[in-house]
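The numbers here are math on the coordinates, done by the rules we state, and not lab data. Because the structure is a prediction, the values reported are computed rather than measured. Reconstructed Cβ throughout: ideal geometry from the backbone, glycine too, with neighbour counts over all protein chains shown.
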Amino acid sequence: MKDNSKPLILIVEDVESNYLYLNAVLSKLDVHVEWVKNGVEAVNFAKENSDIRLILMDLQMPEMNGYDATREIKKIYPSLIIIAQTAFAMSDDRKKALEAGCDDYLAKPIRSKDLLDTVNKYLNA
């Protein structure tokens with residue numbers, strides 16, 4: 001059940017074990033986490049939940065990738081914080097993610113400290 005007093009973080013991740021890890025790390029914060037498995041679900045969730053504070057966006061997913069999902073979500077909520085997260089940490093991935101509208105970038109495997117520091121930076125801004 002959604003707790004409206006806690007910041008809502010959406011995890012967009014098609015691999016369940018990656019979601020479980022991110023959720024476990026985020027459980028150290030006073031936040032509410034929701035999970036969707038692809039870009040299409042992310043865009044639909046964003047349309048229905050204007051109270052999202054932050055999105056952790058996987059870039060490589062079926063149906064709609066994270067780049068396209070970010071572009072669609074940013075059309076609706078230009079100031080919504082979207083942090084790219086990907087295992088494909090090539091040098092141009094960061095640039096492509098930022099060009100698509102992502103506000104920050106985390107390369108997998110994501111260290112828990114890096115995740116917490118990055119999320120806190122935006123939630124406490």
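Residues whose amide H comes within less than 5 Å of that of residue 81, counting only those at least five positions distant or on another chain, are 55 (H built at 1.01 Å from N in the peptide plane). Normalised by the number of residues in the range 8-123, the mean separation of alpha-carbon contacts (under 8 Å, six or more apart) gives a relative contact order of 24 percent.
What pairs in 75/108; 6/95; 74/113; 6/121; 75/113; 75/121 have C-alpha atoms more than 25 Å from each other? Table pairs above 25 Å Cα-Cα are 75/108; 6/95; 74/113; 75/113. Extension gain for the segment residue 34 to residue 108, taken as residue separation times 0.36 nm less the Cα-Cα distance, is 24.7 nm to one decimal. When the chain is described by a simple charge dipole with +1 on each Lys and Arg Cβ and -1 on each Asp and Glu Cβ, the residue from 43, 78, 18 located farthest towards its positive end is 78.
Taking amide H as placed 1.01 Å from N in the peptide plane, residue 105 has its amide H under 5 Å from the amide H of 84, each at least 5 places away in sequence or on another chain. Looking at the calculated P(r) for the chain, what percent of the C-alpha pair distances fall above 16 Å? Percentage above 16 Å: 56. Amide hydrogen proximity for residue 61: with H placed 1.01 Å from N in the peptide plane, the residues at 5 or more positions away or on another chain lying under 5 Å are 66. Reported to the nearest whole Å, the Cα centre-to-centre distance from the range 9-56 to the range 92-111 is 16. 3J(HN,Hα) along the range 26-39, derived from phi through the Karplus expression 6.51 cos²θ - 1.76 cosθ + 1.60 where θ = phi - 60°, amounts to 5, 5, 6, 9, 8, 10, 10, 10, 10, 10, 10, 9, 7, x Hz, with x in place of Gly and Pro. Its Cα centre serving as origin, the chain has a Cβ charge dipole (Lys and Arg +1, Asp and Glu -1) of approximately 320 debye. Phi-derived couplings, Karplus 6.51 cos²θ - 1.76 cosθ + 1.60 at θ = phi - 60°, listed residue by residue for the range 66-82: x, 5, 5, 4, 4, 4, 5, 5, 5, 5, 7, 10, x, 9, 5, 6, 10 Hz, with x used for Gly and Pro.
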